[in-house]
Structure formats: structure tokens, C-alpha cells
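The values are calculated or read from the model by the stated rules, or taken from the named source; none is laboratory data. The shown structure was predicted, so the numbers you read here are calculated from the model rather than taken from an experiment. Backbone-built Cβ (ideal geometry, glycine too); neighbour counts: all protein chains shown.
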Amino acid sequence: MVTVNIHEAKTQLSRLVDQAVKGEAFVIAKAGKPLVRVSALDAPSKPRRLGFLAGEITVPADFDRMGSEEIATLFGLGGVTPRASGKLPISSEHAVSIDALPPLHKDPFDRLLLAQALGEGITLLTSDAQLARYRGPVRKV
């Protein structure tokens, strides 16, 4: 997290607030002593608890194949190819390439999906208008 002194915060307030809105919180310090943390209002105030629904939800074993025939028919594929129905592992190249994407979309998982599509030369199908704003292999459905 970036720390700025009060004078810098005064002169750069608009830029700093824009960054905070994008999820990049910052600290304002006086004489080197941190005084306040500035973050966007819609930012979660406490960390998300992972696994809090453990045992409450059951995912079917064929979840990753559910509806694949209907989807293939909708897109005129006539059948699902092995590549379209296979699992695509996340590589370090995918993760690193996220930084090269312009900040058009905040959702980190969606940005990872786009990085995978770019890296693997496949088309990403989405109903998300924000994600569809990216140039490249993104198709809004």
C-alpha cells in the first residue's frame, strides 16, 4: 500500500482518489507517521471468509459438462470438441499477463479468464458487457 505525506496528498488528491476508487488504497502520513488509510467505499471492510459454506452446497460430479450440448447447439458447433470441454489449467504466464491488461474490468477472475484466452489463442464467451470491452478474443453472447 502506498504511503503519501499530507502535502503530496493535498496536491495529488484527485489522482489518489481515482486510484482508491480503482481499489488501490493509500495511507496519508504526517512526519512519517501514518494517520489515515483511504480506500473506496464499496471495498470490502473485512476479508472474505473462504469456505464458510463448506458442507452446505453439493456440486454434481458432471458440473463442468452440464449443458454442454445445448451450449454447442446455440453456437452452431454441432457438438462439443475435446478442447471446448476440457479443463484449462492456470499457468504462471496467465497470471503474469494479467498486469498487461488495461483496467477496464475490476473482477480479477474475469481478468484471469481473459489472460488465459489470450495466452491459449481461444475465444472467451461472456455475457458481461464490461469484460466484452476488451480487444481480442472476447465475444459477448
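I'd like to check something: does region 44-57 contain any residue that is closer than 20 Å to residue 103 by Cα and either hydrophobic (A, V, I, L, M, F, W, C) or in a loop (DSSP other than H, G, I, E, B) (or both)? Steps first, answer last, please.
First, pick out the residues of region 44-57 that are closer than 20 Å to residue 103 by Cα: 44.
Those left that are additionally either hydrophobic (A, V, I, L, M, F, W, C) or in a loop (DSSP other than H, G, I, E, B) (or both): 44.
So far as region 44-57 goes, yes, one or more of its residues are closer than 20 Å to residue 103 by Cα and either hydrophobic (A, V, I, L, M, F, W, C) or in a loop (DSSP other than H, G, I, E, B) (or both).
In this structure, does residue 95 turn out to be assigned to a helix (DSSP H, G or I), in contact with a His (Cβ under 7 Å, 6 or more places away or on another chain), of a type in the set (A, V, I, L, M, F, W, C) and modelled with pLDDT of 85 or more? If you could, list the steps in order and put the result at the bottom.
Values: assigned to a helix (DSSP H, G or I): yes; in contact with a His (Cβ under 7 Å, 6 or more places away or on another chain): no; of a type in the set (A, V, I, L, M, F, W, C): yes; modelled with pLDDT of 85 or more: yes.
Spelling it out, it is not the case that residue 95 is assigned to a helix (DSSP H, G or I), in contact with a His (Cβ under 7 Å, 6 or more places away or on another chain), of a type in the set (A, V, I, L, M, F, W, C) and modelled with pLDDT of 85 or more.
Between 48, 139, which is modelled with pLDDT under 80 and under 18 Å from the mean Cα position of the chain (by Cα)? Talk me through it step by step, then tell me what you get.
Values: 139 fails: modelled with pLDDT under 80.
When all the criteria are applied, what remains is 48.
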